[in-house]
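Reviewing the structure listed below.
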Amino acid sequence: LPAKLQGLPHLPQRSFAQQRIAKRKEERERIQEERRSLPMYAHRDALIKAIKQYQVVIVQSETGSGKTTQIPQYLIEEGFGSVVCTQPRRVAAMSVAARVAYEMGVKLGNEVGYSIRFEDCTSDQTVIKYVTDGMLLREFLSEPDLKAYDVILIDEAHERSMSTDIVMGLIKDISRFRGDDVRVIISSATMDTEKFSSYFDDAPIYSVPGRRYDVDIYYTKTPEPDYVEASCVSVLQIHASQPAGDILVFLTGQEEIEAAEEILRERTRGLGSKLGELIIAPIYATLPSEMQAKIFEPTPEGARKVVLATNIAETSVTIPGIVYVIDPGFCKQKSYNAKTGMESLLVVPVSRAGAKQRAGRAGRTQPGKCFRLYTKWSYMNEMEEDTVPELLRTNLSQVVLLLLSLGIDNLIDFDFIDAPPPEALLRSLEHLYALGALNDKGKLTKLGRRMAELPLEPMMAKALLASEKYKCSEEVTVICSMLSVNNAVFYRPKQKKMMADAARAAFARGGGGDHMTLLRCYAQWRDAGFSTQWCYEHFVQTRTMKRARDVYEQLDALLERVEIDRHSVGTGDKVPILKALTAGFFYNACRLQKNGHYRTLKNPHTVRIHPSSCFANAEIRPRWLIYHELVFTTKEFMRQVFEIEGNWLHEAAPHFHKAEDVLEESKRKMPKVLGKAGGKVR
Ligand code: ADP
Ligand code: MG
């Protein structure tokens with residue numbers, strides 16, 4: 001024994017183990033105590049009774065009362081065999097599954113698991129499964145009656161996500177023919193449950209009163225020009241002047257959250273020890289799960305936590321200890337213009353219903369305060385009462401493709417809870433026809449069937465299937481994987497901006513555009529043996545790359561299922577790769593204008609290159625571009641673009657792009673060198 005230890009009293013052999021057991025027992029008791037203290041618990045037996053009696057039950061209760069984490073556990077405790085619970089957001093599915101596994105004292109992925117796109121964390125033993133509503137939708141393809149589940153819990157129904165709405169329609173159908181063999185619970189955090197009830201043939205509604213403390217609401221006197229900045233100032237003011245209690249800030253996405261994080265870190269650095277520590281915890285969709293855990297960790301005495309969250313914190317996850325809410329009043333929303341067929345991501349004002357939910361997060365454990373960074377006038381006059389259901393403001397192509405492949409041909413008669421405008425349905429049928437997924441009778445083609453099998457939006461699915469013809473399925477799979485994790489691939493530390501930009505520019509060398517940039521980046525990382533060191537040296541986020549690799553592996557396995565032959569052309573020959581992408585994304589083509597901006601070919605309007613694109617500062621701009629997505633900030637920006645030749649469009653979709661519309665026009669006079677065009681975005 002080392003000299004230092006020799007004098008210590010001899011510890012009995014089993015004491016550590018015993019201590020551990022005792023500690024675990026204590027913890028288990030504490031968890032059960034916590035569970036019993038939730039509002040849902042008092043209604044446990046009544047709820048179970050109702051579920052046994054009625055096939056469909058609507059449950060309404062305040063966020064945090066135990067709908068998501070408790071009801072599935074009650075059901076299992078009461079002898080139901082298997083429960084599936086849907087969530088509109090992947091982060092929520094992962095985080096609540098982790099919580100429930102912890103409460104049940106089991107390993108995540110065994111009895112309790114989750115399944116989200118490109119990530120299946122379940123096993124044969126799984127009895128409680130949290131899934132995104134989109135994943136459950138896909139399950140209908142392989143198992144049209146969802147036989148694997150005894151109870152289907154459609155959670156967060158008030159969110160009215162597109163997939164939730166469709167799932168409800170399909171469930172309504174199967175609940176009829178599965179009869180007593182299946183139970184359905186629709187859960188909502190808001191009061192307007194009548195609609196769900198009447199949709200499900202007057203299903204009974206169980207309202208569980210929550211606890212709620214008063215929340216004082218404050219408005220700004222004048223509108224805030226920069227709400228990220230204003231949020232940070234408010235955080236610091238609360239930290240300096242208000243009693244203990246954590247802060248929750250609602251921002252619209254990762255970029256804003258990262259910006260706010262940086263501002264807060266900078267401004268708290270020099271504050272010294274007079275003020276307590278400010279712990280900054282972000283949460284957004286692509287944040288890796290180990291980092292999400294931080295928002296749930298109890299705040300140490302004397303410190304204050306500030307959670308920077310997207311809409312996920314509105315109702316999907318409950319963060320303990322929040323006393324102050326800062327609500328700038330915006331969220332990011334997909335919006336679709338059925339007239340032009342354009343879909344884009346917009347930052348839009350939240351609805352009054354959303355603002356109320358946000359404020360409510362401050363009053364869960366004690367009276368709280370909500371600081372709204374907009375005027376009371378704006379709340380009363382400029383905000384909508386309710387959020388428009390996603391189904392009414394989205395590109396329906398993916399859903400339509402899925403419904404058709406489920407054999408639901410007559411979409412006009414589908415029992416939607418709120419039917420989308422017929423115009424939007426028609427648009428998506430046209431789109432699918434142009435992609436070759438439908439024939440001229442509106443029936444699914446073989447190509448369409450294969451597209452539906454891929455968990456990708458139709459344009460991406462088509463590109464992947466077209467890659468077979470161009471012998472580059474390997475490269476398109478990589479691009480697809482990288483796009484699915486994108487916006488978080490490259491980073492740009494403040495002190496090393498130049499080096500980071502140079503590293504990124506090196507991937508762009510060789511041309512083609514942002515898709516090729518992503519491909520080269522992945523290929524080089526792979527050639528470097530997936531090295532972390534390589535990521536550091538090239539200013540690439542290791543976490544993001546690893547996720548891309550996971551997605552790649554999943555997609556690669558899927559290729560086999562839809563029988564796409566694997567071929568590779570390498571990264572040197574970009575033409576076949578870009579042609580395959582064109583086969584999917586020809587809808588998003590645009591042409592250079594004299595003013596240096598671009599104009600979309602179909603439903604012409606002006607779009608600009610996003611500042612993050614490798615073409616943003618290019619001296620010479622390509623004549624033709626195809627964009628991956630549109631984002632609307634100050635202007636309409638194309639994020640991720642690639643370069644094409646006009647006649648490829650005709651080759652890809654002859655009936656959509658007529659040959660004469662996409663002539664190369666090499667003789668037409670166009671300025672070769674253009675000044676820097678495009679705007680600034682935050
Ligand atoms: P609901 O679905 O009704 O909004 P949940 O079932 O999500 O409610 O949450 C119930 C309670 O469980 C919350 O009030 C919170 O106290 C607790 N809880 C949920 N997730 C976590 C977590 N990750 N860490 C700690 N507590 C949690
Ligand atoms: Mg919930």
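The values are calculated or read from the model by the stated rules, or taken from the named source; none is laboratory data. None of the values given here were measured: they were computed from a predicted structure. Note that each Cβ is placed from the backbone with ideal geometry, even for glycine, and that neighbours are counted across all protein chains shown.
Of the candidates Val131, Val106, the single residue that is hydrophobic (A, V, I, L, M, F, W, C) and not in a strand (DSSP E or B) is Val106. Taking every residue in segment 178-195 that is of a type outside the set (A, V, I, L, M) and pairing it with any residue that is assigned to a loop (DSSP other than H, G, I, E, B) and within 14 Å of ligand 1 (Cβ to nearest atom), at least 6 positions away or on another chain, the pairs with Cβ-Cβ distances below 6 Å are Ser187/Asp155.
Put simply, of Thr190, Thr252, Thr222 the only residue that is in contact with a His (Cβ under 7 Å, 6 or more places away or on another chain) and either among the aromatic types (Phe, Trp, Tyr) or part of a loop (DSSP other than H, G, I, E, B) (or both) is Thr190. A single entry from Ala523, Ala528, Ala548, Ala506 fulfils the requirement of being under 21 Å from the mean Cα position of the chain (by Cα) and on the phi < 0 side of the Ramachandran plot: Ala548.
Take segment 285-309 and flag every residue that is under 23 Å from Met383 (Cβ atoms) and more than 16 Å from ligand 2 (Cβ to nearest atom). Of everything in segment 285-309, just one residue is under 23 Å from Met383 (Cβ atoms) and more than 16 Å from ligand 2 (Cβ to nearest atom), namely Leu308.
Here Glu290 does not qualify as surrounded by fewer than 22 Cβ atoms within 10 Å (Cβ to Cβ) and modelled with pLDDT of 90 or more. Against the definition (at pLDDT 95 or above, surrounded by 15 or more Cβ atoms within 10 Å (Cβ to Cβ), among the charged types (D, E, K, R) and closer than 30 Å to Thr286 by Cβ), how does Lys67 come out, yes or no? In short, yes.
Considering only segment 229-249, I want to know if a residue exists there that is closer than 30 Å to Ile417 by Cα and either surrounded by 18 or more Cβ atoms within 10 Å (Cβ to Cβ) or without any contact (Cβ under 8 Å) to a residue 12 or more places away in the chain (or both). Checking segment 229-249: not a single residue is closer than 30 Å to Ile417 by Cα and either surrounded by 18 or more Cβ atoms within 10 Å (Cβ to Cβ) or without any contact (Cβ under 8 Å) to a residue 12 or more places away in the chain (or both).
Looking at Ser65, Ser95, which is the one that is in a loop (DSSP other than H, G, I, E, B), touching a strand residue (DSSP E or B) at 6+ places or on another chain (Cβ under 9 Å), within 16 Å of ligand 2 (Cβ to nearest atom) and not β-branched (Val, Ile, Thr)? Being in a loop (DSSP other than H, G, I, E, B), touching a strand residue (DSSP E or B) at 6+ places or on another chain (Cβ under 9 Å), within 16 Å of ligand 2 (Cβ to nearest atom) and not β-branched (Val, Ile, Thr) holds for just one of Ser65, Ser95, which is Ser65.
Each row is one residue, and each column tells you yes or no for (1) crowded, with 20+ Cβ neighbours inside 10 Å; (2) within 27 Å of Ile166 (Cα to Cα); (3) within 13 Å of ligand 1 (Cβ to nearest atom).
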residue: Gln19; (1), (2), (3): no, no, no
residue: Tyr41; (1), (2), (3): no, no, yes
residue: Lys52; (1), (2), (3): no, yes, no
residue: Thr63; (1), (2), (3): yes, yes, yes
residue: Pro72; (1), (2), (3): yes, yes, yes
residue: Arg90; (1), (2), (3): yes, yes, no
residue: Glu103; (1), (2), (3): no, no, yes
residue: Asp120; (1), (2), (3): no, yes, no
residue: Ser123; (1), (2), (3): no, yes, no
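Residues in segment 483-529 that are touching a residue at least 40 places away in the same chain (Cβ under 8 Å), assigned to a helix (DSSP H, G or I) and polar (S, T, N, Q) were compared, and the one that is surrounded by the fewest Cβ atoms within 10 Å (Cβ to Cβ) is Ser484. When Arg608 is tested against (1) at pLDDT below 85; (2) of a type in the set (D, E, K, R); (3) within 28 Å of the chain's Cα centre (by Cα), just one condition goes unmet, and that condition is (1). Among all positions in segment 439-448, there is no residue which is of a type in the set (Asp, Glu) and under 23 Å from the mean Cα position of the chain (by Cα). Against the conditions (1) in contact with a helix residue (DSSP H, G or I) (Cβ under 9 Å, 6 or more places away or on another chain); (2) within 26 Å of Tyr102 (Cβ to Cβ), Ser163 satisfies every one except (2). Out of Arg176, Arg211, Arg183, one residue alone is of a type in the set (Lys, Arg) and farther than 25 Å from Gln70 by Cα. It is Arg176. Cβ-Cβ distances below 7 Å connect the following pairs, each with a first residue in segment 599-620 that is free of Cβ contacts under 8 Å to residues at least 24 places away in the same chain, a second residue that is surrounded by fewer than 18 Cβ atoms within 10 Å (Cβ to Cβ) and outside any loop (DSSP other than H, G, I, E, B), and a separation of six or more residues or different chains: Arg599/Thr606. Per this entry, Thr299 is counted among residues that are within 16 Å of ligand 1 (Cβ to nearest atom) and closer than 20 Å to Ser241 by Cα. Each residue in segment 74-85 was checked for being in contact with a Phe, Trp or Tyr (Cβ under 8 Å, 6 or more places away or on another chain) and either surrounded by fewer than 20 Cβ atoms within 10 Å (Cβ to Cβ) or acidic (Asp, Glu) (or both), and 1 of them qualify.
Taking the stated definitions as given, is Thr126 modelled with pLDDT of 95 or more and within 14 Å of ligand 2 (Cβ to nearest atom)? Here the answer is no, as Thr126 does not meet what is asked.
Every residue, every condition in (1) surrounded by fewer than 16 Cβ atoms within 10 Å (Cβ to Cβ); (2) at pLDDT 95 or above; (3) polar (S, T, N, Q), yes or no:
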{"residue": "Arg364", "(1), (2), (3)": "no, no, no"}
{"residue": "Lys369", "(1), (2), (3)": "no, yes, no"}
{"residue": "Leu373", "(1), (2), (3)": "no, yes, no"}
{"residue": "Trp377", "(1), (2), (3)": "yes, yes, no"}
{"residue": "Met380", "(1), (2), (3)": "yes, yes, no"}
{"residue": "Val388", "(1), (2), (3)": "yes, no, no"}
{"residue": "Leu391", "(1), (2), (3)": "no, no, no"}
{"residue": "Asn395", "(1), (2), (3)": "no, no, yes"}
{"residue": "Ser405", "(1), (2), (3)": "no, no, yes"}
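Does Arg20 satisfy the condition of being of a type outside the set (A, V, I, L, M, F, W, C) and at pLDDT below 95? Criteria met by Arg20.
Among (1) touching a strand residue (DSSP E or B) at 6+ places or on another chain (Cβ under 7 Å); (2) modelled with pLDDT of 95 or more, where does Met191 come up short? Only one criterion is unmet by Met191, namely (2). Candidates Tyr379, Tyr324: the one that is of a type outside the set (S, T, N, Q), more than 23 Å from Glu636 (Cβ to Cβ) and in contact with an Asp or Glu (Cβ under 8 Å, 6 or more places away or on another chain) is Tyr324. Before we move on, is Glu453 among the acidic types (Asp, Glu) and within 19 Å of Arg561 (Cβ to Cβ)? So Glu453 passes the test.
Among residues of segment 311-326 that are more than 12 Å from Ile283 (Cβ to Cβ), those with a Cβ under 7 angstrom from a residue that is of a type in the set (Asp, Glu), sequence gap 6+ or separate chain, pair up as Thr315/Glu156; Gly321/Asp246; Ile322/Asp246; Val323/Asp246. Within segment 310-351, restricting attention to residues that are among the hydroxyl-bearing types (Ser, Thr, Tyr) and more than 16 Å from ligand 1 (Cβ to nearest atom), the residue that is nearest to Asp226 (Cα to Cα) is Thr310. Considered as a group, the residues in segment 68-80 that are within 16 Å of ligand 2 (Cβ to nearest atom) and hydrophobic (A, V, I, L, M, F, W, C) include one that is farthest from Ile186 (Cα to Cα), and that residue is Leu75.
Checking each residue in segment 577-618 for being closer than 24 Å to Ala505 by Cβ and assigned to a strand (DSSP E or B) picks out Cys590, Leu592, Tyr598, Val607, Arg608, Ile609. If you go through segment 273-284 and pick out every residue that is away from ligand 2 (no atom under 16 Å from the Cβ), over 19 Å from Ala230 (Cβ atoms) and outside any loop (DSSP other than H, G, I, E, B), you end up with 2. Look at segment 49-75: where a residue is within 28 Å of Ala362 (Cβ to Cβ) and a partner is among the hydroxyl-bearing types (Ser, Thr, Tyr) and away from ligand 1 (no atom under 13 Å from the Cβ), sitting 6+ places away or on another chain with Cβ atoms under 8 Å, you get Ile58/Thr193; Ile58/Ser197; Gln60/Thr193.
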